[in-house]
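The values are calculated or read from the model by the stated rules, or taken from the named source; none is laboratory data. All of these numbers come straight from a predicted model, not from anything done at the bench. Cβ atoms come from the backbone with ideal geometry, glycine included; neighbour counts cover every protein chain shown. Areas reflect the complete protein model, heavy atoms only, side chains present, ligands, DNA and RNA absent. Shrake-Rupley method; radii C 1.70, N 1.55, O 1.52, S 1.80 Å.
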Amino acid sequence: MADTLDGAAVADRLRALPAWTRDGEEISREVRAPSFLAGIDLVGAVARAAEDADHHPDIDIRWRTLRFALTTHSAGGLTARDFDLAAVIDRLAGEHGAE
């Protein structure tokens, strides 16, 4: 099981991910895809990355708006795994033209 990060470590990691916000023991980000199908393609890319990392985000799809949320349930809070996957999601969002 991964160790949870303290408040200072979470704040430090969030500075490197300015599109993400913290709400309790979760970080989240919304992106807007250029089209519905581009959004679905992005979700597929994130799903593949999540499977590779064995760490899975909550994903909400509302037409072209996607919301990704991360927490490490098994640790009971935020861990480095959440921030690592958030950085991958940011990269993939850019590759798929999402803002």
*Would you check if I40 is outside any loop (DSSP other than H, G, I, E, B), more than 21 Å from A2 (Cα to Cα) and at pLDDT 95 or above?*
yes
*Filter segment 50-96 for residues that are open to solvent by 60 Å² or more (accessible area, probe 1.4 Å) and in a strand (DSSP E or B) and give the result.*
D58, I59, I61, R62, R67
*In this structure, does V10 turn out to be modelled with pLDDT of 95 or more and out of contact with any Ser or Thr (no Cβ under 8 Å at 6 or more places or on another chain)?*
yes
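Any idea which of A50, A38, A16, A2 is within 16 Å of R81 (Cα to Cα), touching a residue at least 24 places away in the same chain (Cβ under 8 Å) and touching a His at 6+ places or on another chain (Cβ under 6 Å)?
Answer to the selection: A50.
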*Can you name every residue in segment 1-27 that is of a type outside the set (D, E, K, R) and out of contact with any helix residue (DSSP H, G or I) (no Cβ under 9 Å at 6 or more places or on another chain)?*
G7, A8, A11, P18, G24
*Restricting segment 15-28 to residues that are of a type in the set (A, V, I, L, M) and open to solvent by 30 Å² or more (accessible area, probe 1.4 Å), which is nearest to L70 (Cα to Cα)?*
A19
*Out of all the residues in segment 53-76, which are out of contact with any helix residue (DSSP H, G or I) (no Cβ under 9 Å at 6 or more places or on another chain) and in contact (Cβ under 8 Å) with a residue 12 or more places away in the chain?*
D58, R67, A69, S74, G76
*With respect to V31, is the statement that it is open to solvent by less than 40 Å² (accessible area, probe 1.4 Å) and free of Cβ contacts under 8 Å to residues at least 24 places away in the same chain true?*
no
*Could you tell me whether segment 30-37 includes any residue that is over 13 Å from the mean Cα position of the chain (by Cα) and part of a helix (DSSP H, G or I)?*
yes
*For the subset of segment 38-49 comprising residues that are of a type in the set (A, V, I, L, M, F, W, C) and within 14 Å of the chain's Cα centre (by Cα), which member is surrounded by the fewest Cβ atoms within 10 Å (Cβ to Cβ)?*
A47
